[in-house]
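J.: The structure follows.
A short reminder: the numbers here are calculations on the coordinates, not readings from a lab. Everything numeric in this text was worked out from a predicted model, so none of it was measured. A quick note on method: Cβ atoms are made from the backbone with ideal geometry, for glycine too, and the neighbour counts reach across all protein chains shown.
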Amino acid sequence: MFETTYLTNHFLIAMPTLGDPNFFHTVTYICLHNEEGAMGIVINRPMDIELSELFEHMEI
């Protein structure tokens, strides 16, 4: 039987050969991952938004 593995509270490290400019050389913290989808935050790139604004937008 197939067992589903979710990645909530894990880090994803982009492989050096990943060509997607959105994830090139990134480390992403996976905040939520379930059967409905996934959400993560790239933690090693500066953002033009304060963390409090992000939390407010996410209703946290």
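J.: For residues that are surrounded by 13 or more Cβ atoms within 10 Å (Cβ to Cβ) and among the β-branched types (Val, Ile, Thr), scanning just segment 26-60, find the one that is nearest to THR5 (Cα to Cα).
T.: ILE30
J.: Can you report the number of residues in segment 1-25 which are farther than 15 Å from ILE43 by Cβ and loosely packed, with under 12 Cβ neighbours inside 10 Å?
T.: Within segment 1-25, residues that are farther than 15 Å from ILE43 by Cβ and loosely packed, with under 12 Cβ neighbours inside 10 Å number 11.
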